[in-house]
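Engineer: Quick one: the structure is below, and I'll ask about it shortly.
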Amino acid sequence: MTQCSDPVALALWHPIAAIEDIPADGKQKTQLLGEVLHYRKMDDTRVSVHHGDRKLPVTLAYGYVWTCLGTPERDLFDLPEYAESDRRNVCAATVGVNVSAPRAVENFLDMGHFPFVHTGILGAEPHTEVREYQVNVDTERDEILATECLFYQPQAAAGSSGGVMSDYIYRVPHPYCAVLYKSCPTDESRLDVIALFLQSVDEENIRAHALVSVIDTQSSDLDIRMFQQNIFSQDKPILENQLPKRLPLDPRAETPIRADKSAIAYRRWLRTKGLQYGVLAAAA
Amino acid sequence: MIILYDYELSGNCYKVRLLLSMLNVSYEKKAIEFYPAAEHKTDAFLSINALGQLPVIQTGDLTINDSHAILVYLARQYDKSDTWFPISDPVRLAQVTQWMCFADSLTSSASSARLVNGFFYDLDGEACRQEAHRLFRIFDEHLWFNEREDHLWVVPGKTPTIADLACFAYVVLSEEGGISRMDYPAIRRWTDRVKRLAGFVVMPGVFPAGPGPVHVLPANDTFPSAGTAEA
Ligand SMILES: N[C@@H](CCC(=O)N[C@@H](CS)C(=O)NCC(=O)O)C(=O)O
Ligand SMILES: [Fe+2]
C-alpha cells in the first residue's frame with residue numbers, strides 16, 4: 001500500500017463511520033488514505049480514533065465520525081440544516097465502491113445519468129434533457145455551488161407519490177463531499193438534503209456514506225435507508241466501470257456539454273487546491 | 001398472500017424475486033436491512049429464521065427459509081407447466097439439485113468476495129475470488145458443452161429450471177466482488193439468455209439485456225397470482 005503524501009488530503013477531515021453503526025463495545029477497524037485505523041465508541045458522544053499508537057483528532061458531525069491523518073487546516077464545513085428540529089436525519093448508507101472519491105463526487109453532480117441509471121426513480125426517458133443551470137465558486141466559503149438545476153423525476157424521494165419537476169442545488173464544500181438540496185415532495189417551502197461523504201479507503205477505493213435530512217413524517221427510517229441504498233447500488237457498477245479510476249484533471253479531458261458544467265468547475269477547483277490523492281494531475 | 005423477507009441487495013433474495021416474477025405470482029416484500037443495520041441478526045428476525053439468513057417466505061402458517069428450498073416450493077406450487085422443477089424426470093431432477101448445490105458454493109465464494117468489497121466483511125477476499133474463478137471455469141465449460149448440443153440452459157433440456165435462477169444471481173453480481181467474467185464467454189451468453197426470459201427483473205447492479213427478442217416460455221405467462229392459485 002502506497003503511503004499518502006498529498007498534504008491537501010492529509011489536512012482534510014475524512015468520514016470513517018456512522019456513529020450509530022459503531023457497536024457499544026469493541027475496537028473497530030477501517031482504512032483511510034491507505035492507512036489502517038482503529039476506532040472505538042467511548043459513549044454516545046465520544047469516539048476515539050487511533051492510527052497505530054497515535055491518537056487522531058476527531059469531529060463528530062452530521063451523524064458521522066470524522067478524523068484527520070495530518071493537522072486539520074480548518075473546521076469541517078457547515079451543514080446548518082442538520083440542526084433544524086423538524087428534520088429527519090438518517091445515516092442512510094455506507095457502500096464500498098471500487099473508484100476514487102473525486103469520480104464519485106462528479107457522478108453525484110451529474111443529473112444526466114438519472115434516466116439511464118435510476119430509471120423510473122430519479123429520471124425516466126424521454127425526459128433526458130439537462131437544462132441550463134448556474135455554477136459559481138463561492139471564494140469566501142471555498143465551495144462550489146450549482147443552482148437552478150431542474151429535472152423531471154418519477155419518484156424523487158422515499159416519500160414521493162408521483163412524478164414532479166425537481167429543483168436541485170448542489171454544493172461541493174470539500175474535495176470528497178457533496179451536498180444536494182432538492183424540492184421536498186411533502187413541503188413546497190422546504191428543501192430536502194442529501195449529503196455524500198466519501199471515505200478514501202485508498203486512491204481507488206471508497207466507502208460512500210450518505211446522510212439524508214428530509215422533511216417527511218410518513219416514511220420510516222428503514223424506507224429512507226432502503227431508498228438511498230438502492231440508488232447507491234445502481235451507481236456502483238457505473239462508477240466501477242469508469243476508467244481511469246482516478247479523476248483526470250487535465251483540462252484537455254473536459255468535454256463542453258452542459259451536464260458537465262459543474263464537473264468542469266469541480267475539476268478546476270481541485271486543480272487550484274493542488275489536490276493529488278485520487279486524481280491524475282494535469283500535465284505540467 | 002406470500003410475504004418475502006427481503007433485502008434488495010441480496011443475491012439470494014434476488015433468486016426468489018426472479019422466480020416469483022417469472023411465474024407471475026404476487027407477493028409482499030418486507031425489507032430487512034442486512035447492511036449496515038444487521039437486522040437479520042436481531043431477536044425479532046431470529047425468531048423467524050434461527051439461522052439469521054435471508055431470504056425467508058411466509059404464507060399462511062408456513063415459513064420456509066433458504067433460497068433454494070423456496071425456489072422448489074414456488075415451482076411446485078405455481079408452475080403448472082412443471083418445467084422449472086422437473087420432478088417426473090429423475091435425471092434432470094438430480095441435475096437441478098446438483099447445480100443448486102453448485103450455486104451454494106457460489107454463495108460462499110463469489111458472494112463472499114462481494115461482501116468483502118461492498119459490505120466490509122472481514123474475510124479473505126482474494127481466496128474467495130480464486131475459488132470463484134475455479135467454479136466459473138467449470139461452469140463456463142459446462143455451459144459451452146451444453147450449447148454444442150443446442151441446450152441453452154444449465155440443465156440440458158428445452159426449458160430453464162430453477163437451477164438457472166439459483167446460479168444466475170451471484171454469477172451476474174460477480175464484478176462487484178472483483179471477479180471479471182471476461183474469460184467466460186459461455187457464461188456471458190447464458191446470462192444474456194436468462195435476462196431475456198419473460199418476467200425477468202433487475203436488481204441494483206444488474207442491467208437488462210440489450211435490444212433483442214424476449215424468450216417467452218410455454219404457458220408460464222398467464223398464471224393466476226398467489227391469492228387465487230388454489231381457487
Ligand atoms: N443457503 C442460504 C444462504 C442464504 C444467505 O447466505 N443469505 C445471506 C443474505 S444474501 C444472509 O442472510 N447471510 C447472513 C448470514 O449468513 O449470517 C440460501 O440460499 O438462502
Ligand atoms: Fe446516481
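Engineer: Return a yes/no flag: does the range A:207-230 have any residue that is assigned by TED's automatic domain parsing to the domain that holds A:Ala253, within 16 Å of ligand 1 (Cβ to nearest atom) and within 16 Å of the chain's Cα centre (by Cα).
Structural biologist: First, pick out the residues of the range A:207-230 that are assigned by TED's automatic domain parsing to the domain that holds A:Ala253: A:207-230.
Retained after the next criterion (residues that are within 16 Å of ligand 1 (Cβ to nearest atom)): A:226, A:229-230.
Checking the rest, the ones that are also within 16 Å of the chain's Cα centre (by Cα) come to A:229-230.
Within the range A:207-230, one or more residues are assigned by TED's automatic domain parsing to the domain that holds A:Ala253, within 16 Å of ligand 1 (Cβ to nearest atom) and within 16 Å of the chain's Cα centre (by Cα).
Engineer: Residues in the range B:85-100: is at least one away from ligand 2 (no atom under 16 Å from the Cβ), farther than 24 Å from A:Lys236 by Cα and touching a His at 6+ places or on another chain (Cβ under 8 Å)? So that I can check it myself, show each step before the final result.
Structural biologist: Taking the range B:85-100 and keeping what is away from ligand 2 (no atom under 16 Å from the Cβ), we get B:85-100.
Checking the rest, the ones that are also farther than 24 Å from A:Lys236 by Cα come to B:85-100.
After this cut, where a residue has to be touching a His at 6+ places or on another chain (Cβ under 8 Å) as well, the list is B:100.
Yes: one or more hits.
Engineer: Restricting to the range A:18-56, and then to whatever is in contact (Cβ under 8 Å) with a residue 24 or more places away in the chain and at positive phi, can you tell me which residue is farthest from the chain's Cα centre (by Cα)?
Structural biologist: A:Gly34
Engineer: Let me ask you something else. For B:Gly60, indicate whether it is surrounded by fewer than 19 Cβ atoms within 10 Å (Cβ to Cβ) and in contact with a Lys or Arg (Cβ under 7 Å, 6 or more places away or on another chain). Quick ask: steps written out before the conclusion?
Structural biologist: Numbers: surrounded by fewer than 19 Cβ atoms within 10 Å (Cβ to Cβ): yes; in contact with a Lys or Arg (Cβ under 7 Å, 6 or more places away or on another chain): no.
Judged against the criteria, B:Gly60 is not a match.
Engineer: Among the residues of the range A:107-125, which ones are surrounded by 14 or more Cβ atoms within 10 Å (Cβ to Cβ) and not in a helix (DSSP H, G or I)?
Structural biologist: Result: A:Asp110, A:His118, A:Thr119, A:Ile121, A:Leu122, A:Gly123, A:Ala124.
Engineer: Within the range B:54-170, considering only helices (runs of 4 or more DSSP H) that don't extend past its boundaries, which have at least 3 residues that are closer than 30 Å to A:Val36 by Cβ?
Structural biologist: On the way: elements: B:67-78, B:90-107, B:110-119, B:125-148.
The qualifying helices (runs of 4 or more DSSP H) are B:110-119, B:125-148.
Engineer: Something else about it: So A:Val135 passes all but one of these: (1) hydrophobic (A, V, I, L, M, F, W, C); (2) away from ligand 2 (no atom under 13 Å from the Cβ); (3) free of Cβ contacts under 8 Å to residues at least 60 places away in the same chain. Which condition number does it fail?
Structural biologist: Going through the list (1) hydrophobic (A, V, I, L, M, F, W, C); (2) away from ligand 2 (no atom under 13 Å from the Cβ); (3) free of Cβ contacts under 8 Å to residues at least 60 places away in the same chain, A:Val135 breaks only (3).
Engineer: Go through the range A:85-102 residue by residue and tally those that are surrounded by fewer than 24 Cβ atoms within 10 Å (Cβ to Cβ), more than 14 Å from every other protein chain (Cβ to nearest Cβ) and touching a residue at least 40 places away in the same chain (Cβ under 8 Å).
Structural biologist: Going through the range A:85-102 one residue at a time, the tally reaches 4.
Engineer: Right, next: Kindly list the number of the only condition in (1) more than 19 Å from A:Ser100 (Cα to Cα); (2) in contact with a Gly (Cβ under 9 Å, 6 or more places away or on another chain); (3) part of a helix (DSSP H, G or I); (4) not charged (D, E, K, R) that fails for A:Leu211.
Structural biologist: Failing condition for A:Leu211: (3).
Engineer: Assess whether A:Gly159 counts as being modelled with pLDDT under 90, under 23 Å from A:Ser85 (Cα atoms) and surrounded by fewer than 22 Cβ atoms within 10 Å (Cβ to Cβ).
Structural biologist: Working: modelled with pLDDT under 90: yes; under 23 Å from A:Ser85 (Cα atoms): yes; surrounded by fewer than 22 Cβ atoms within 10 Å (Cβ to Cβ): yes.
Yes: the conditions hold for A:Gly159.
Engineer: Can you run down the residue pairs with Cβ atoms below 7 Å, 6 or more apart or on separate chains, where the first is in the range A:236-251 and within 14 Å of chain B (Cβ to nearest Cβ) and in a loop (DSSP other than H, G, I, E, B) and the partner is within 13 Å of ligand 2 (Cβ to nearest atom) and at pLDDT 90 or above?
Structural biologist: A:Gln242/A:Val99; A:Gln242/A:Arg103; A:Lys245/A:Val99; A:Lys245/A:Arg103
Engineer: Evaluate the following for A:Tyr64: is it of a type in the set (Phe, Trp, Tyr), in contact with a Lys or Arg (Cβ under 9 Å, 6 or more places away or on another chain), more than 20 Å from A:Ala157 (Cα to Cα) and crowded, with 18+ Cβ neighbours inside 10 Å?
Structural biologist: Numbers: of a type in the set (Phe, Trp, Tyr): yes; in contact with a Lys or Arg (Cβ under 9 Å, 6 or more places away or on another chain): no; more than 20 Å from A:Ala157 (Cα to Cα): yes; crowded, with 18+ Cβ neighbours inside 10 Å: yes.
For A:Tyr64, the condition - of a type in the set (Phe, Trp, Tyr), in contact with a Lys or Arg (Cβ under 9 Å, 6 or more places away or on another chain), more than 20 Å from A:Ala157 (Cα to Cα) and crowded, with 18+ Cβ neighbours inside 10 Å - is not met.
Engineer: If you don't mind, another one. Got at least one residue in the range B:35-43 being among the aliphatic types (A, V, I, L, M) and within 16 Å of ligand 1 (Cβ to nearest atom)? Quick ask: steps written out before the conclusion?
Structural biologist: Residues of the range B:35-43 among the aliphatic types (A, V, I, L, M): B:37-38.
From the residues that got through so far, the ones that are within 16 Å of ligand 1 (Cβ to nearest atom) too are B:37-38.
Yes: the range B:35-43 contains one or more residues that are among the aliphatic types (A, V, I, L, M) and within 16 Å of ligand 1 (Cβ to nearest atom).
Engineer: On to the next question. For B:Ser10, all conditions in the list (1) under 19 Å from the mean Cα position of the chain (by Cα); (2) more than 10 Å from ligand 1 (Cβ to nearest atom) hold save one; what is the number of the exception?
Structural biologist: (2)
Engineer: With (1) surrounded by fewer than 21 Cβ atoms within 10 Å (Cβ to Cβ); (2) not assigned by TED's automatic domain parsing to the domain that holds B:Asp183 as the list, and B:Ser67 as the residue in question, which single condition is left unmet?
Structural biologist: Every listed condition holds for B:Ser67 apart from (1).
Engineer: Looking at B:Arg181, is it surrounded by fewer than 18 Cβ atoms within 10 Å (Cβ to Cβ), in a helix (DSSP H, G or I) and basic (Lys, Arg)? So that I can check it myself, show each step before the final result.
Structural biologist: Numbers: surrounded by fewer than 18 Cβ atoms within 10 Å (Cβ to Cβ): yes; in a helix (DSSP H, G or I): no; basic (Lys, Arg): yes.
Answer is no for this residue.
Engineer: What is the one condition in (1) more than 14 Å from chain B (Cβ to nearest Cβ); (2) in contact with a Cys (Cβ under 9 Å, 6 or more places away or on another chain); (3) within 25 Å of A:Tyr168 (Cβ to Cβ) that A:Glu106 does not satisfy?
Structural biologist: (2)
Engineer: What single numbered condition from (1) in contact (Cβ under 8 Å) with a residue 40 or more places away in the chain; (2) more than 12 Å from chain B (Cβ to nearest Cβ) fails to hold for A:Gln228?
Structural biologist: (2)
Engineer: Exactly one condition in (1) within 14 Å of chain A (Cβ to nearest Cβ); (2) in contact with a helix residue (DSSP H, G or I) (Cβ under 6 Å, 6 or more places away or on another chain) is false for B:Arg17; which is it?
Structural biologist: The single condition B:Arg17 does not satisfy is (2).
Engineer: Specify which of the listed residues (A:Pro72, A:Pro115) is outside the structural domain of A:Cys184 (by TED's automatic domain parsing) and either out of contact with any His (no Cβ under 6 Å at 6 or more places or on another chain) or away from ligand 1 (no atom under 16 Å from the Cβ) (or both).
Structural biologist: A:Pro72
Engineer: Shifting gears a bit: It is to be established whether one or more residues within the range B:107-120 are more than 16 Å from ligand 1 (Cβ to nearest atom) and in contact with a Pro (Cβ under 9 Å, 6 or more places away or on another chain).
Structural biologist: Our first condition is that a residue be more than 16 Å from ligand 1 (Cβ to nearest atom); within the range B:107-120, this holds for none.
Within the range B:107-120, none of the residues are more than 16 Å from ligand 1 (Cβ to nearest atom) and in contact with a Pro (Cβ under 9 Å, 6 or more places away or on another chain).
Engineer: Does A:Thr128 count as more than 14 Å from chain B (Cβ to nearest Cβ), within 16 Å of ligand 2 (Cβ to nearest atom), among the polar types (S, T, N, Q) and part of a loop (DSSP other than H, G, I, E, B)?
Structural biologist: Values: more than 14 Å from chain B (Cβ to nearest Cβ): yes; within 16 Å of ligand 2 (Cβ to nearest atom): yes; among the polar types (S, T, N, Q): yes; part of a loop (DSSP other than H, G, I, E, B): yes.
The answer is yes for A:Thr128.
The values are calculated or read from the model by the stated rules, or taken from the named source; none is laboratory data. Predicted model only: the values in this text are computed from it and were never measured. Note that each Cβ is placed from the backbone with ideal geometry, even for glycine, and that neighbours are counted across all protein chains shown.
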